[in-house]
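**Q** Here it is, the structure in full.
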């Protein structure tokens, strides 16, 4: 099977949650002798910062990423900085699509990550080749509350029209969970089967929590965090729902500051760059994007926080916490789409109750260990990229001839 995957920007190596899903869903195909070639419509900020301007990247035997770096793809992305979707992606493909048409012609299956690119793909793919929409979110929900003064109504209508076409005119839809699948069935008339492939963690990341490791101690020293402090970690990219959640973490930290100085809060990832430095209390450390000792940051923490209040899909960070055996406190919204039991694999608390939940969990080492272990076992059983990739491949072979 030859799969052509179309992504809106450079994906590998994955850095953000969407990158991990794009890569993870294809990860196992080459293991079965299939080939995957991914067309990336322009670059990513991380790629340009690192001056990694390669046009072809070999990920594994039979798995390649082709990067079409062209200004015509980058300029239309500017409105995304203001919170708008990439509505011009298909139009820029009509102006510059070097190599894409050949990849579409050679494919047995075409997988498209976002509805913004689908009009071009549907118009140019071989009509005998199945086109699959790989959904990361219900986009009408994600952009339904767009808070911008210009063109908000037009944007919402355009998002709804593109999502409808993505569900109804493709040969199958991949989504993150049954909840999203039911939304699609209720709102649209799907053109083919809906394949549920949950977000996950990589099997190689499933491990025990190691708070006494040298790496954990090194991270605490780096940020001048006492070895006796209880550290609560929040992780995220610079994405509006993550920024909103990070602001919640700052407010929780402010509640502890001066009242109980044994608690420290570690905000890992680019999301910290979006916070106002002058408004951050001294018991909060923001790291920015981390490459060195990344895994050790999980071990330096005692508790993981997931105070999400908005967004789409399911939270990949939640499952990455599980994979490292970290006990998690999450809002009800943060665990949407993940089959968990409060008090077993996770502690579920509203924002107003999170400070108390942190104090209670910090004072009960046995409960922290139990919840952390149960979370890891749940991830291993239901939420790995390898399992989701195998599910997608099986469904392709089941539903599409000549497989």
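The values are calculated or read from the model by the stated rules, or taken from the named source; none is laboratory data. Everything quoted here is computed from the prediction, not taken from an experiment. Cβ atoms come from the backbone with ideal geometry, glycine included; neighbour counts cover every protein chain shown.
**Q** Would a scan of the stretch 123-136 turn up a residue that is in the same structural domain as residue 167 (by TED's automatic domain parsing), within 22 Å of residue 23 (Cα to Cα) and surrounded by fewer than 19 Cβ atoms within 10 Å (Cβ to Cβ)? Walk me through it before giving the result.
**A** Taking the stretch 123-136 and keeping what is in the same structural domain as residue 167 (by TED's automatic domain parsing), we get 123-136.
Filter once more, keeping what is within 22 Å of residue 23 (Cα to Cα): 125, 129-136.
Still in the list and also surrounded by fewer than 19 Cβ atoms within 10 Å (Cβ to Cβ): 129.
Yes, because at least one residue in the stretch 123-136 is in the same structural domain as residue 167 (by TED's automatic domain parsing), within 22 Å of residue 23 (Cα to Cα) and surrounded by fewer than 19 Cβ atoms within 10 Å (Cβ to Cβ).
**Q** I want to confirm something. Restricting to the stretch 137-158 and keeping residues that are within 20 Å of the chain's Cα centre (by Cα) and buried (at least 16 other Cβ atoms within 10 Å of the Cβ), which single residue is farthest from residue 312 (Cα to Cα)?
**A** Among residues in the stretch 137-158 that are within 20 Å of the chain's Cα centre (by Cα) and buried (at least 16 other Cβ atoms within 10 Å of the Cβ), the one farthest from residue 312 (Cα to Cα) is 146.
**Q** Looking at (1) surrounded by fewer than 18 Cβ atoms within 10 Å (Cβ to Cβ); (2) out of contact with any helix residue (DSSP H, G or I) (no Cβ under 8 Å at 6 or more places or on another chain); (3) not assigned by TED's automatic domain parsing to the domain that holds residue 323; (4) not in a loop (DSSP other than H, G, I, E, B), can you tell me which one residue 221 breaks?
**A** Going through the list (1) surrounded by fewer than 18 Cβ atoms within 10 Å (Cβ to Cβ); (2) out of contact with any helix residue (DSSP H, G or I) (no Cβ under 8 Å at 6 or more places or on another chain); (3) not assigned by TED's automatic domain parsing to the domain that holds residue 323; (4) not in a loop (DSSP other than H, G, I, E, B), residue 221 breaks only (3).
**Q** Among the numbered criteria (1) without any contact (Cβ under 8 Å) to a residue 24 or more places away in the chain; (2) assigned to a strand (DSSP E or B), which single criterion is violated by residue 347?
**A** Residue 347 satisfies all of (1) without any contact (Cβ under 8 Å) to a residue 24 or more places away in the chain; (2) assigned to a strand (DSSP E or B) except (1).
**Q** Same structure, new question: I'd like the residue in the stretch 288-297 that is out of contact with any helix residue (DSSP H, G or I) (no Cβ under 6 Å at 6 or more places or on another chain) and either in a loop (DSSP other than H, G, I, E, B) or not assigned by TED's automatic domain parsing to the domain that holds residue 240 (or both) and, out of all such residues, is modelled with the lowest pLDDT.
**A** So, considering only residues that are out of contact with any helix residue (DSSP H, G or I) (no Cβ under 6 Å at 6 or more places or on another chain) and either in a loop (DSSP other than H, G, I, E, B) or not assigned by TED's automatic domain parsing to the domain that holds residue 240 (or both), the one modelled with the lowest pLDDT is 291.
**Q** I need the full set of residues from the stretch 55-73 which are in contact with a helix residue (DSSP H, G or I) (Cβ under 9 Å, 6 or more places away or on another chain) and surrounded by fewer than 16 Cβ atoms within 10 Å (Cβ to Cβ), in order please.
**A** 60, 61
**Q** Which of (1) part of a strand (DSSP E or B); (2) under 30 Å from residue 89 (Cα atoms) does residue 268 not meet, given it meets every other one?
**A** Of (1) part of a strand (DSSP E or B); (2) under 30 Å from residue 89 (Cα atoms), only one is false for residue 268: (2).
**Q** Take residues that are in contact (Cβ under 8 Å) with a residue 24 or more places away in the chain and more than 22 Å from residue 164 (Cβ to Cβ) and tell me which of the helices (runs of 4 or more DSSP H) falling wholly in the stretch 44-133 contain 3 or more.
**A** Because the criterion is at least 3 residues that are in contact (Cβ under 8 Å) with a residue 24 or more places away in the chain and more than 22 Å from residue 164 (Cβ to Cβ), the helices (runs of 4 or more DSSP H) in the stretch 44-133 that meet it are 71-74, 100-106.
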